[in-house]
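The values are calculated or read from the model by the stated rules, or taken from the named source; none is laboratory data. Keep in mind the model is a prediction, meaning the values are calculated, not measured. Please note: Cβ atoms are built from the backbone with ideal geometry, for glycine as well, and neighbour counts cover all protein chains shown. Accessible surface is based on the protein model in full, side chains and every heavy atom, while ligands, DNA and RNA are left aside. Shrake-Rupley method; radii C 1.70, N 1.55, O 1.52, S 1.80 Å.
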Amino acid sequence: RDLGRQMQISRRPSGPNYLLLRPALKIRATAGAVAVLQRLGLRRRDRRSHVSGVSRVADSAAQVLAGFLSQDQSEQQTSFSPLREDRPGFGAEVLGVDLSRSKAFSPDTCNLLRAGLAEHGLLLFRRQDLLEEEVISAAAIFATPIPADGQQRSLAIYRVCDRDKVPRGQDFWHSDNSYADPPGGPTVLYALKVPCNADGIPLGDTLFADAAAAAEGLPPELRAQVEGRLAAHNLAHNNGHMLPEFASGELIEKPDVLHPIIRAHPITGRDVLFVCPAYVRRINGLEEEESMFVLEE
């Protein structure tokens, strides 16, 4: 839910143009807001080149007309449907939006989507078919895309699988780029290829948690212990598992970055819990044993 400015894209180089979008903060027990897009495969744009000038003109006119229609439809039909009926305030599917036309969206439509992200924390867009520049354009609705820590581009390609001998941040609850100052904002996750089992059911298990609900649900005694305290975030922590790139010296560990354990959402003002096992190694001002005990709690 932290409206910040970065995005990461999950993508397999050999895969088809496939979409699952995950915003720069996977809200995994964190303050980060997430926008998620998932393509289930319906639309495939025709990329054939036209030979005749008439074809080019007709095609251009059709694209312009489609842009106007898409803009009107997005303003008239955009709605939010709760992902879970028992938790209507957290997570919503966005209906009536074609993100490939995001450059033509009116200010009202963009404001509506930003408000939806602030309200629900997690947005899901189904049946999208986007080119690389369209993913960037869609992400720019929510914030200015910037590279995540250690990346050269705002759009990074990841191969997410279970081949690593050492568990990584993705295996633990975490908030993307919480180890930066300022911490990361919304993360965009766009999956180009998702494996399925023999019955065609998608595999994988990406989970999201409501950081505001976590803060509200803290027992009073535990909240009193952490209120006003800072947590030390570091990419190298990795829930206590040394990553090969740090062990080999390929990456140099940076100093810890301190963030409030209970922090105010910059837009809604709600308190959110901003700690996670992946990147938080200690609570500032506590002895190591007490710090570990409180973090486990």
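Suppose the filter is touching a Pro at 6+ places or on another chain (Cβ under 7 Å), open to solvent by 20 Å² or more (accessible area, probe 1.4 Å) and of a type in the set (D, E, K, R); does Arg126 pass it?
No: the conditions fail for Arg126.
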The lone exception for Phe80 - which of (1) open to solvent by 30 Å² or more (accessible area, probe 1.4 Å); (2) closer than 24 Å to Val272 by Cβ; (3) modelled with pLDDT under 90 it fails: (3)
Test: residue in region 165-180 that is basic (Lys, Arg), assigned to a loop (DSSP other than H, G, I, E, B) and exposed (fewer than 12 other Cβ atoms within 10 Å of the Cβ): yes
Condition check for Gly116: part of a helix (DSSP H, G or I), at pLDDT 85 or above and under 26 Å from Glu216 (Cβ atoms): yes
Single residue of region 222-277 satisfying the filter (within 21 Å of Glu288 (Cβ to Cβ) and of a type in the set (Asp, Glu)) that is nearest to the chain's Cα centre (by Cα): Asp256
Top-ranked residue in region 151-164 [being at pLDDT below 75 and in a loop (DSSP other than H, G, I, E, B); ranked as nearest to Ser137 (Cα to Cα)]: Ala156
Qualifying residue in region 63-75 (condition: under 24 Å from Phe208 (Cα atoms) and either modelled with pLDDT of 85 or more or not hydrophobic (A, V, I, L, M, F, W, C) (or both)): no
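Among residues belonging to region 143-160 that are touching a helix residue (DSSP H, G or I) at 6+ places or on another chain (Cβ under 8 Å) and open to solvent by 20 Å² or more (accessible area, probe 1.4 Å), point out the one that is farthest from Val97 (Cα to Cα).
Val160
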Candidate set: region 202-249, residues that are charged (D, E, K, R) and touching a residue at least 40 places away in the same chain (Cβ under 8 Å); chosen: the one most open to solvent (accessible area, probe 1.4 Å): Glu216
Qualifying residue in region 193-203 (condition: touching a strand residue (DSSP E or B) at 6+ places or on another chain (Cβ under 9 Å), within 30 Å of Phe125 (Cα to Cα), among the β-branched types (Val, Ile, Thr) and part of a loop (DSSP other than H, G, I, E, B)): yes
Options Arg263, Arg270: the member that is charged (D, E, K, R), under 20 Å from Asp210 (Cα atoms) and open to solvent by 60 Å² or more (accessible area, probe 1.4 Å): Arg270
Sole exception among (1) crowded, with 20+ Cβ neighbours inside 10 Å; (2) hydrophobic (A, V, I, L, M, F, W, C); (3) under 23 Å from Pro167 (Cα atoms) for Ile252, by number: (1)
